[in-house]
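Chemist: Can you keep this structure in mind? I'll have questions shortly.
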Amino acid sequence: MTFEETGGDHSSDRMETVAIALEEVLSSALPQGCITAGVYEAAKSLNADPDNVVLCLLATDDEEDVALQIHFTLIQAFCCENDINILRVSNMRRLAEILGGVKPGGEPMDLHCVLVTNPQSSLWKDPALSKVTRFCRESRCLDQWVPVINLPDR
């Protein structure tokens with residue numbers, strides 16, 4: 001049974017609400033320097049300070065990349081072990097729009113894994129982050145450990 005099946009008529013509204021909240025979280029975390037993008041960079045950050053990570057996003061495009069799936073499995077296991085919320089994100093194009101999608105040199109960013117971390121100054125209290133966190137917790141109660149969110153096109 002999936003989250004959509006248990007939610008009835010409100011599930012699509014709820015998924016849209018969570019997708020909007022996720023966009024708000026990313027948009028507010030980016031200028032604070034609380035985004036780590038890239039599988040390798042995320043792995044380094046998770047290893048160095050897992051307690052600072054509040055959310056892990058795993059995004060895929062339409063390609064089936066076996067090596068990427070292995071990385072995802074390892075990252076998911078690490079996040080589950082360290083109580084870090086995880087979301088699968090579809091619509092990588094929209095994710096790139098939200099996060100800028102390119103490094104300062106014009107090189108495209110690796111957005112397959114994106115971490116949202118706490119700012120160093122204080123714990124981050126964001127209502128949008130609370131919505132996403134609550135969604136992840138409720139999904140785990142339904143045995144959906146890595147729920148999928150589709151970021152709607154704008």
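Chemist: Quick one: compute the contact order of the chain, relative version, from alpha carbon pairs under 8 angstrom and 6+ residues apart, as a percent. Don't jump to the answer; show the numbers that get you there.
Modeler: On the way: 201 pairs, mean separation 58.8, N = 154.
Relative contact order comes out at 38 percent.
Chemist: Quickly estimate the mean residue ellipticity at 222 nm for the chain, helices only: each DSSP H run with n ≥ 4 gives -39500 (n - 2.57), and the total goes over all residues, rounded to 500.
Modeler: Details: 6 runs with 73 residues, N = 154.
For the chain, the value works out to -15000 deg cm²/dmol.
Chemist: Once both labels are modelled 7 Å past Cα along the beta-carbon direction, what's the Glu16-Arg140 spacing in nm?
Modeler: The two pseudo-label positions are separated by 2.9 nm.
Chemist: To the nearest 10 degrees, how steeply does helix 39-48 sit against the main Cα axis of the chain, on a 0 to 90 scale?
Modeler: Tilt relative to the chain: about 90 degrees.
Chemist: While we're looking at this one, here's another question. Which angle from 0 to 90°, rounded to the nearest 10, does the C-alpha axis of helix 127-141 make with the longest principal axis of the chain?
Modeler: Value to nearest ten degrees: 60.
Chemist: Under 5 Å between amide H atoms, partner at least 5 residues away or on a different chain: which partners does Thr60 have, H built in plane at 1.01 Å?
Modeler: Val89
Chemist: Exposed loop sites here are GluC sites (Glu not before Pro) in DSSP loop states with at most 12 other C-beta atoms within 10 Å. What is the longest stretch of the chain lacking them? Walk me through the numbers before you get to the answer.
Modeler: On the way: sites that count: Glu63, Glu64.
Counting at most 12 other Cβ atoms within 10 Å as exposed, the longest clean stretch of the chain is 65-154.
Chemist: Rounded to the nearest 0.05, what FRET efficiency do Ser90 and Ala48 have when you use their Cβ-Cβ distance and R0 = 35 Å?
Modeler: On the way: r = 29 Å, r/R0 = 0.82.
The pair Ser90/Ala48 has a calculated efficiency of 0.75.
Chemist: Moving on. Quick one: helix 66-81 against the long Cα principal axis of the chain, what's the angle to the nearest 10°, folded into 0 to 90?
Modeler: 70 degrees
Chemist: Still on this structure, I have one more. With the chain treated as a Gaussian network of Cα nodes joined by springs under 10 Å, which of Ala59, Ala77, Ala43 yields the largest mean-square fluctuation?
Modeler: Highest fluctuation of the listed residues: Ala77.
Values in this text are rule-based calculations from the coordinates and carry no lab data. Quantities reported herein were computed from a predicted structural model and do not represent experimental measurements. Here the Cβ is made from the backbone with ideal geometry for all residues, glycine too, and neighbour counts use every protein chain on show.
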